[in-house]
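The values are calculated or read from the model by the stated rules, or taken from the named source; none is laboratory data. Note that the structure is a prediction, hence the values are computed from the model and not measured. A quick note on method: Cβ atoms are made from the backbone with ideal geometry, for glycine too, and the neighbour counts reach across all protein chains shown.
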Ligand SMILES: NC(=O)c1ccc[n+]([C@@H]2O[C@H](COP(=O)([O-])OP(=O)(O)OC[C@H]3O[C@@H](n4cnc5c(N)ncnc54)[C@H](O)[C@@H]3O)[C@@H](O)[C@H]2O)c1
Ligand SMILES: [Zn+2]
Ligand SMILES: [Zn+2]
């Protein structure tokens with residue numbers, strides 16, 4: 001492993017989610033490295049290849065890999081070797097099957113992508129999670145349209161990449177929302193046009209955004225990973241988008257048109273309960289019948 005950046009999902013695993021069977025663990029999943037050796041059945045990589053580990057396997061054979069609608073390969077959840085590291089006889093897990101906060105790791109070949117030999121490994125590691133998630137949410141999942149108005153909640157690496165995706169898709173107005181105002185300067189560089197700190201307002205944030213946009217935004221991207229923020233981002237969508245947003249947000253992982261949440265996907269149950277909570281709160285919303 002040459003470089004690993006820190007994603008909030010690592011912190012989530014460590015301090016917030018704390019799955020019962022999730023420790024001891026080598027954290028880290030947003031990385032780049034160089035292949036040091038390969039197993040006998042590895043066909044696609046050789047020593048010296050520059051590579052990026054990927055959280056979501058790509059077997060290229062299952063129905064999800066072949067579908068243009070998702071990248072949730074079924075083999076992501078079917079890891080037969082659930083540990084490859086041990087210490088004093090005790091098994092040690094790898095976050096996302098990767099565990100890149102280490103000098104060396106061992107991964108399946110479907111968890112690896114070859115990258116350009118000239119790629120600067122210390123920079124492109126961000127593509128392994130945050131950029132793919134944020135940029136992809138805007139461009140591929142929400143399919144942000146030219147001339148639209150977008151809101152992006154949370155301006156960490158995922159949110160900044162979502163801002164970048166909204167800009168690339170031609171959004172005319174990108175409202176960046178964060179409780180930490182120090183994030184606004186960076187967001188501006190990435191293309192945000194308006195900045196809102198929920199702490200500066202006594203009204204709920206969705207009311208502020210509805211007022212700012214005379215009726216609601218076209219696309220709302222939640223990049224905090226907080227169920228209440230998901231509900232807020234749903235509420236400030238324009239009324240005619242809400243039904244569609246809800247339908248999709250209540251799916252197990254919830255990436256939606258008009259509403260994209262970025263709950264840690266490593267934990268199915270959490271993600272699913274986030275979706276359930278979103279659904280429950282959405283059903284309480286008087287503004288739309290579901
Ligand atoms: N679905 C995926 O594949 C995927 C991938 C990466 C990250 N994630 C998840 O996405 C989320 C963001 O990850 P990150 O690494 O960018 O996190 P981060 O901690 O770097 O950034 C989060 C930002 O949200 C802001 N924030 C916190 N509470 C807020 C609120 N109530 N309203 C507005 N802003 C608020 C923080 O100030 C911070 O700037 C995390 O939950 C992470 O687990 C999901
Ligand atoms: Zn991540
Ligand atoms: Zn697959």
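Structure values in brief
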| quantity | calculated |
| --- | --- |
| Residue, farthest from residue 72 (Cα to Cα), within segment 95-128, restricted to residues that are touching a helix residue (DSSP H, G or I) at 6+ places or on another chain (Cβ under 7 Å) and crowded, with 24+ Cβ neighbours inside 10 Å | 98 |
| Residue in segment 56-63 that is assigned by TED's automatic domain parsing to the domain that holds residue 122, within 23 Å of residue 122 (Cα to Cα), in contact with a strand residue (DSSP E or B) (Cβ under 6 Å, 6 or more places away or on another chain) and within 16 Å of ligand 2 (Cβ to nearest atom) present | no |
| Subset of segment 130-149 [buried (at least 20 other Cβ atoms within 10 Å of the Cβ) and in contact with a helix residue (DSSP H, G or I) (Cβ under 7 Å, 6 or more places away or on another chain)] | 130, 131, 133, 134, 135, 137, 138, 144 |
| Which listed residue is exposed (fewer than 12 other Cβ atoms within 10 Å of the Cβ) and in contact with a helix residue (DSSP H, G or I) (Cβ under 8 Å, 6 or more places away or on another chain), from 63, 8, 29, 13 | 63 |
| Residue in segment 150-161 that is outside the structural domain of residue 34 (by TED's automatic domain parsing), farther than 23 Å from residue 195 by Cα and either more than 15 Å from ligand 2 (Cβ to nearest atom) or surrounded by fewer than 24 Cβ atoms within 10 Å (Cβ to Cβ) (or both) present | no |
| Criterion (within 30 Å of residue 35 (Cα to Cα), within 16 Å of ligand 2 (Cβ to nearest atom), under 16 Å from the mean Cα position of the chain (by Cα) and touching a residue at least 40 places away in the same chain (Cβ under 8 Å)) met by exactly one of 113, 130 | 130 |
| Options 20, 69: the member that is in a loop (DSSP other than H, G, I, E, B), more than 16 Å from ligand 3 (Cβ to nearest atom) and either farther than 29 Å from residue 226 by Cβ or out of contact with any helix residue (DSSP H, G or I) (no Cβ under 8 Å at 6 or more places or on another chain) (or both) | 20 |
| Unique match (being farther than 28 Å from residue 11 by Cβ, in contact with a helix residue (DSSP H, G or I) (Cβ under 6 Å, 6 or more places away or on another chain) and surrounded by 17 or more Cβ atoms within 10 Å (Cβ to Cβ)) among 216, 165 | 216 |
| Subset of segment 148-172 that is in contact with a strand residue (DSSP E or B) (Cβ under 9 Å, 6 or more places away or on another chain) and more than 18 Å from residue 132 (Cβ to Cβ) - its residue that is nearest to ligand 1 (Cβ to nearest atom) | 153 |
| Positions within segment 32-55 being farther than 25 Å from residue 126 by Cβ and surrounded by 12 or more Cβ atoms within 10 Å (Cβ to Cβ), in sequence order | 38, 42 |
| Tabulated pairs, segment 62-76, first farther than 22 Å from residue 142 by Cβ, second within 16 Å of ligand 1 (Cβ to nearest atom) and assigned to a helix (DSSP H, G or I), C-beta under 6 angstrom, 6+ apart or interchain | 74/64 |
| Residue in segment 76-89 that is under 27 Å from residue 155 (Cβ atoms), surrounded by 13 or more Cβ atoms within 10 Å (Cβ to Cβ) and within 16 Å of ligand 1 (Cβ to nearest atom) present | no |
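Residue-wise test of (1) assigned by TED's automatic domain parsing to the domain that holds residue 145; (2) without any contact (Cβ under 8 Å) to a residue 40 or more places away in the chain; (3) within 21 Å of residue 7 (Cα to Cα).
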| position | (1), (2), (3) |
| --- | --- |
| 174 | yes, yes, no |
| 187 | yes, yes, yes |
| 197 | yes, yes, no |
| 206 | yes, yes, no |
| 212 | yes, yes, no |
| 216 | yes, yes, no |
| 223 | yes, no, yes |
| 227 | yes, no, yes |
